[in-house]
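What follows is one structure encoded as structure tokens, with my remarks underneath.
The values are calculated or read from the model by the stated rules, or taken from the named source; none is laboratory data. Since the structure is predicted, the reported quantities are computational estimates derived from the model, not experimental observations. Counting neighbours? That spans all protein chains shown, and the Cβs are built from the backbone with ideal geometry, glycine included. Side chains included, ligands, DNA and RNA excluded: accessible areas come from the protein's heavy atoms. Shrake-Rupley method; radii C 1.70, N 1.55, O 1.52, S 1.80 Å.
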Amino acid sequence: MPTPEEIRAMSPEEVMILGAELDDIHIVHRRDRFPVRGTKAEKRAERGVALCFLIAALAGIGFIVVFIAGPWKWHLPGTPQNFRFYTPALGGLLAALLLFMGVGMVLWAKWLMPEEEVVQDRHDEPSSEADLLITEASFIVGLEDTGLPRRSLILRSLGLAGGALATLPLVVLVGGMIKKPGTQLLHTLYRPNPKLFPKTQGRVPIVFSDFRQVGPDDLLPGGVATVFPGIRAEDADGYDGVHEASSPTLLIRLKPGQTIKARKGQADFGWPRENPEYVAFSKICTHAGCPASLYEQQSSRLLCPCHQSQFEVLEDAKPVFGPATRSLPKLPIDVVTGDDGNRYFVARHDYVEAIGPGFWERS
């Protein structure tokens, strides 16, 4: 083992090779990719690596721009203000950032760093001062092998890509708080719309997923159906009642003899208003937003399959089991006679409370 003074007299690469041999690391072969530095081939390889990092940086910047400035509201294809690719754009840009960052790293190692093959025997002895100096020299040589001290182009492009990658989590967290939802979480498409539905004094028709209007005869006693506001995309600036996230509603027909113990102010929300036979509740669980859609006729309970919350329908969908702590919002419904002489359900007005899980602005 050379003394520390002898080690200090050696070049970093000599110390690194010595340390490898002392630690039973045998270098089978080691050669520089470009023994003559500064050649056109080396510059081409350097530009290729830098290009990968630059593309990664541009993808990261694109992610930030799309996240902040992109039209994030979803619309159906072929409708006004349509931008269906907000989420795919974010995913694609993030994938490009990570892909080209990884490709740049691999090409850097393959094209520019020295090629070597080593065999190592592992040891558990404590490190001496000489070992520490050898380790230090190994780091120095490793840094030199990367070429960073003399390859400013790669260093700058890597800094751009790494900065973009490090900035993304902060942008996502802060940006998510900057975009205030306004009042859109407080309303649904069941709001009265006299412009679209003048014949029903603005009351929105209740429809199945194929936009067939729902009538009292469509459900058997004890039956349940998922229904939606009958608003089509072409009539409402791209908002489609069947596909809008806040729309799904459960229409339930009670069995003979069943009565509702209504909450205060909601005794006439069902149909008929006196002794209702039909009631409608939001399908979106008040715990985490899952579909509370499993209806058990015998116990008159709605079950949310995600976290096992249960709601007692005969008590106005009051939570009786599981993590949900708030009743499902109740939709006030009525029946009108259509142009064909048949009776159909309409929503008298919107839910009187916000649907789904709680949030800060909920009144």
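Annotations for the structure displayed:
- Nearby aspartates and glutamates by direct alpha-carbon distance to LYS43 (threshold 16 angstrom, same-chain neighbours under 8 apart not counted): ASP32, ASP145
- Think of each Lys and Arg Cβ as +1 and each Asp and Glu Cβ as -1; about the Cα centre, that makes the dipole of the stretch 234-292 roughly 660 debye.
- Matching the structure-derived mean projected area of the Cα convex hull in nm² against the labelled list [x] 28.9; [y] 17.0; [z] 18.2 gives the label [x].
- Modelled label reach - HIS307, point 7 Å along Cα→Cβ, the stretch 330-354 residues with backbone N closer than 20 Å: 330, 354
- Cα gyration tensor, the stretch 233-353 - rounded (a/c under 1.5), prolate or oblate: oblate
- Label-point separation in nm, ALA267 to SER128, each point 7 Å along Cα→Cβ: 9.5
- Between the stretch 186-250 and the stretch 306-338, the Cα center-to-center distance that results, in Å: 18
- Gaussian network model of the chain, springs between alpha carbon atoms under 10 Å - residue of ILE27, ILE61, ILE231 with greatest fluctuation: ILE27
- With all protein chains in place and a 1.4 Å probe, the accessible surface of the chain carries 59 percent carbon and sulfur.
- Helix 86-111 vs. the chain, principal-axis angle (Cα, 0 to 90°, nearest 10): 10
- Estimated distance in nm for a label pair at ALA69 and ALA41, the labels positioned 7 Å out from Cα along Cα-to-Cβ: 4.4
- Residue of SER309, SER127, SER293 that the Gaussian network model of the chain assigns the largest fluctuation, springs spanning Cα pairs under 10 Å: SER127
- Normalised contact order of the chain, rounded percent, pairs of Cα under 8 Å and 6 or more residues apart: 15
- Cα-based helix-to-principal-axis angle, 12-22 vs the chain, degrees rounded to 10: 90
- Between helix 129-146 and the chain there is an angle of about 70 degrees, using the helix long axis and the longest principal axis of the Cα atoms.
- Over the chain, accessible surface divided per residue gives 56 Å², non-protein components excluded, 1.4 Å probe.
- Euclidean distance of C-alpha centroids, the stretch 43-65 and the stretch 127-167, integer Å: 19
- Pairs beyond 22 Å (Cα-Cα), from LYS195/LYS283; LYS199/LYS261; LYS283/LYS318; LYS199/LYS264; LYS195/LYS330; LYS199/LYS283: LYS195/LYS283; LYS199/LYS261; LYS199/LYS264; LYS195/LYS330; LYS199/LYS283
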